[in-house]
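> The structure is given below, and queries will be raised subsequently.
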Amino acid sequence: MIVIGITGASGVVYGKRLLEILKDLGEETAVVVTDPAKIILEYELGIKEDEIKKLSSEYYSPKDLTSSINSGSFKFESMVIVPCTMKTLSAIANGYANNAITRAADVTLKERRKLVIVPRETPLRSVHLENMLKVSKEGAIILPSMPGFYHRPKTNEELIDFIVGKILDVLGIENNMFDRWTGEME
């Protein structure tokens, strides 16, 4: 199982697309959507959280600190927070497990499982970078939503799929979401 956290930063499309692909691949997922993310889903994508619920195997309230994903005894492979707000990053970096996403991230790190954080903020302050370094030193993977352009994307979907493909790569899931660099220019 892969736990997906969607927080209230711009770029919720990355989380939705990741869930779509994981569902198509038959991967089990548990998802948590914060209240601010629900607002962003409506604003950026014109959808309600019910659309996200349909894409996941399990759905948890961000306020539910008693859910299975919040315990180290519950087995899940990895966690992806996409997009990740700087508030959520700060909470994780400083051990402030105040909701289901930050608690599950805390569990992921303490159990030495794979945690992928996809920050969506620009420009970055020094404290943002320091928090990224803190969680990186604990084993988290920082995967900023910065698409490449060597594959000559022509649509927003291709830019989104580039980032989702990179997330899948980090999770060790085979994919062909984007054309990979071969070292040769056309």
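The values are calculated or read from the model by the stated rules, or taken from the named source; none is laboratory data. As the structure is a computational prediction, the values presented were derived from the model and not from experiment. We place every Cβ from the backbone using ideal geometry, glycine too, and count neighbours over all the protein chains shown. Ligands, DNA and RNA are excluded from the accessible area calculation, which covers all protein heavy atoms including side chains. Shrake-Rupley method; radii C 1.70, N 1.55, O 1.52, S 1.80 Å.
> With labels modelled as points extended 7 Å from the Cα through the Cβ direction, what inter-label distance (nm, one decimal) is found for residue 98 paired with residue 28?
Result: 3.2 nm between the two label points.
> What percent does the relative contact order of the chain come to when contacts are Cα pairs within less than 8 Å and at least six residues apart?
21 percent.
> While we're looking at this one, here's another question. For the stretch 148-158, take each phi angle, set θ = phi - 60°, evaluate the Karplus expression 6.51 cos²θ - 1.76 cosθ + 1.60, and give the result in whole Hz per residue in order, putting x for glycine and proline.
The phi angles translate into x, 10, 5, 8, 6, x, 10, 9, 4, 4, 5 Hz.
> Out of the stretch 117-150, which trypsin sites (Lys or Arg not before Pro) are coil in DSSP terms and have no more than 12 other C-beta atoms within 10 Å? Display every interim value, and only then the final one.
On the way: sites: 120, 125, 134, 137; in loops: 120, 125.
Here the trypsin sites (Lys or Arg not before Pro) that fit, given the DSSP loop and packing criteria, are 125.
> How large a share of the accessible area of the stretch 1-107, in percent, is made up of carbon and sulfur atoms when the probe is 1.4 Å and the other protein chains stay in place?
49 percent
> How much mean residue ellipticity at 222 nm does the chain get from its helices, if each DSSP H run of length 4 or more adds -39500 (n - 2.57) and you divide by all residues, to the nearest 500 deg cm²/dmol?
Value at 222 nm, helices only: -11500 deg cm²/dmol.
> Taking a 32 Å limit on the Cα-Cα distance, which of the listed pairs 48/134; 16/110; 16/87; 87/114; 53/166 fall beyond it?
In this structure, 48/134 exceed 32 Å between Cα atoms.
> Just to be sure I understand the model, the point goes 7 Å from the Cα along the line to the Cβ. What's the resulting residue 176 to residue 124 distance in nm?
Going by the 7 Å Cα→Cβ label model, 3.3 nm.
> Just going by the charge dipole of the stretch 114-186, with Lys and Arg at +1 and Asp and Glu at -1 on Cβ, which of 133, 145, 156 is farthest out on the positive end?
133
> List the residues, sorted by chain then number, that are 5 or more residues from residue 84 or on another chain and whose placed amide H is less than 5 Å from its amide H.
118, 120
> Tell me which label goes with the value of volume of the Cα convex hull per residue in Å³ computed from the coordinates here: (i) 142; (ii) 131; (iii) 122.
(iii)
> Another question, if that's okay. Solvent-accessible area per residue for the chain at a 1.4 Å probe radius, Å²?
Values: 9600 Å² over 186 residues.
Using a 1.4 Å probe on heavy atoms only, each residue of the chain averages 52 Å².
> May I have the extent of the alpha carbons of the stretch 100-165 along their three principal axes, as whole Å values ordered from largest to smallest?
41, 26, 20
> Taking Cα pairs under 8 Å and at least six residues apart, what relative contact order does the stretch 29-105 come out at, in percent?
Contact order relative to length: 33 percent.
> Once you place label points 7 Å from the Cα toward the Cβ at residue 150 and residue 54, how far apart are they in nm?
3.8 nm
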